[in-house]
Amino acid sequence: MRIVLVGPPGAGKGTQAAYLAKNLSIPHISTGDLFRANISQGTDLGKQARAFMDAGRLVPDEVTIGMAKDRMSQSDAVNGFLLDGFPRNVGQAEALDVILKDEGVKLDAVLDLEVPEDEVVKRIAGRRICRNDSAHVFHVTYNPPKAEGVCDACGGELYQRDDDSEETVRTRLEVYHTETEPIIDYYRAQGLVVTISALGKVTEVTERAMEALKSDQG
Ligand SMILES: [Zn+2]
């Protein structure tokens, strides 16, 4: 299956992508991993991306599209893949259509993870990270530490990352609405969009997604 996963920040997209890819036996292709791999391997595209990032500028679509195209042409992606973070705007979605058309293949579904905006803010803004180890993650409501502001695992101080502040979350949501959400309409016109609720436990959301993809195929 060839799937595009979309959803606002805080929808648990990365986590779901990993589970779904495993269940469907297809590679999980995330933009974050594409950038890391190309930069660490020193590919031409990686060097270009690096130069823009070092200059504090956005990496142009052509670079991202090039990385995604290279990755999709690798042998493990012949029978399908799950894209996470790409395409992130209509221009990239159009470029993806061209790439797939050249290969004589099509997307099977665009899985849209839906989560109410206030819930997104609550999920992200409530996150607290340990200063000693970023893997020690808590949440003021969903997974509170025994003592406020103190890590259960090592006693370290818990803090809120700048990226997780309510103001930053609202800004990221705004960017999602204006840049990424239009791709849902773009794909809806192609009859590809499958929308599911991203509320509930991680395993419940994965099951919901698998069911939705199955009935979409049927
Ligand atoms: Zn800790």
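No value in this document is a laboratory result; all are computed from the given coordinates. Fair warning: this is a prediction, and the values are worked out from it, not measured in the lab. Note: ideal-geometry Cβ built from the backbone for every residue, glycine included; neighbour counts use all protein chains shown.
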Assign unit charges at the C-beta atoms only (+1 for Lys and Arg, -1 for Asp and Glu), then state the dipole size of the chain relative to its Cα centre in Debye, rounded to the nearest 20. 440 debye
Counting Lys and Arg as +1 and Asp and Glu as -1, each charge on the Cβ, what is the dipole of segment 47-112 about the Cα centre in debye, to the nearest 20? 260 debye
Can you grab the distance from the C-alpha centre of segment 37-53 to the C-alpha centre of segment 111-183, Å, no decimals? 29 Å
If I build a Gaussian network model for the chain, linking alpha-carbon pairs within less than 10 angstrom, which residue out of Gly149, Gly91, Gly56 has the largest mean-square fluctuation? Gly56
Note to self, the chain gives a 222 nm [θ] from helices alone (DSSP H runs n ≥ 4, -39500 (n - 2.57) apiece, / all residues, nearest 500) of -14000 deg cm²/dmol
Kindly provide the GluC sites (Glu not before Pro) of segment 63-158 that DSSP labels as loop, not H, G, I, E or B, and whose Cβ sees at most 10 other Cβ atoms within 10 Å. Glu148
Isolated Cys residues of the chain, judged by Cβ distance under 4.7 Å to other cysteines: Cys154
Looking at the chain, which longest stretch skips every one of the trypsin sites (Lys or Arg not before Pro) that is in a DSSP loop with at most 14 other Cβ atoms within 10 Å, leaving the sites themselves out? 1-56
Highest GNM mean-square fluctuation among Val193, Val205, Val98, for the chain with Cα springs under 10 Å, belongs to Val98
Amide H contacts under 5 Å for Val194, placed H, 5+ residues apart: Val110, Leu111, Asp112
Within the chain, the percent of DSSP beta bridges that are antiparallel, given to the nearest 5, stands at 30 percent
Taking only Cα atoms and a 10 Å spring cutoff, compute GNM fluctuations for the chain and point out the largest among Ser134, Ser73, Ser197. Ser134
In order through segment 120-134: 3J(HN,Hα) via Karplus (6.51 cos²θ - 1.76 cosθ + 1.60), integer Hz, x for Gly, Pro: 4, 4, 4, 4, 7, 5, x, 5, 10, 10, 7, 5, 7, 7, 5
Let me spell out the model: positive unit charges on the Cβ of Lys and Arg, negative unit charges on the Cβ of Asp and Glu, origin at the Cα centre of segment 5-95. What dipole size does that give, in debye rounded to 20? 200 debye
By the scheme Lys and Arg +1, Asp and Glu -1, what is the net charge of all other residues having a beta-carbon under 12 Å from that of Ile99? 0
